[in-house]
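Inspection log for the structure reproduced underneath, given as structure tokens.
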Amino acid sequence: MAREKKIFKTYQEQVELLISRGVTIENFDCAVRILECENYYSVINGYNDLFLTTTRTSDCYKPGTNF
């Protein structure tokens, strides 16, 4: 089975994705700057097991998850 290609998301789109999945982000611009410096994988994928609730249809973060 072929893997679906992932399309690059801008830093703003990455922050919006986190918000849509239930992450509370108090300072949008600060979150963008952190992702620019550290990258999405290091910040999000490195810690998501602690905060992620996965269902068959989607990945959402546990209530109270803050960036």
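For the reader, a short list of remarks on this structure follows.
- The chain: most fluctuating residue of V43, V15, V32 per GNM, C-alpha cutoff 10 Å: V43
- For the chain: accessible area per residue (Å², 1.4 Å): 84 Å²
- When F67, F8 are compared by accessible area at a 1.4 angstrom probe, the order from most to least is F8, F67.
- For segment 58-67, Karplus couplings with θ = phi - 60° (6.51, -1.76, 1.60), whole Hz, Gly/Pro x: 7, 10, 10, 9, 4, x, x, 6, 10, 7
- In the chain, the GluC sites (Glu not before Pro) that fall in loop regions by DSSP, at most 16 other Cβ within 10 Å: E4, E26
- Pairs of alpha carbons in segment 25-67 whose separation is greater than 17 Å (percent): 40 percent
- Each stretch of four or more DSSP H residues adds -39500 (n - 2.57); spread over every residue of the chain, this sum gives -10000 deg cm²/dmol at 222 nm.
- Residue of N27, N48, N39 that the Gaussian network model of the chain assigns the largest fluctuation, springs spanning Cα pairs under 10 Å: N27
- Charge sum, other residues only, whose C-beta stays under 15 Å from L18's C-beta, Lys/Arg counted +1 and Asp/Glu -1: -3
- Per-atom-type breakdown for segment 10-67 gives carbon and sulfur 50% of the accessible area (1.4 Å probe, protein chains only).
- Split the chain at each of the trypsin sites (Lys or Arg not before Pro) in a DSSP loop with at most 11 other beta carbon atoms within 10 Å, and the longest piece is 7-55.
- Local net charge near D49, Cβ-Cβ under 15 Å (Lys/Arg +1, Asp/Glu -1): +1
The values are calculated or read from the model by the stated rules, or taken from the named source; none is laboratory data. This is a predicted model, so every value here is computed, not measured. Cβ coordinates were reconstructed from backbone atoms using ideal geometry, including for glycine residues, and neighbour counts include every protein chain displayed. Areas reflect the complete protein model, heavy atoms only, side chains present, ligands, DNA and RNA absent. Shrake-Rupley method; radii C 1.70, N 1.55, O 1.52, S 1.80 Å.
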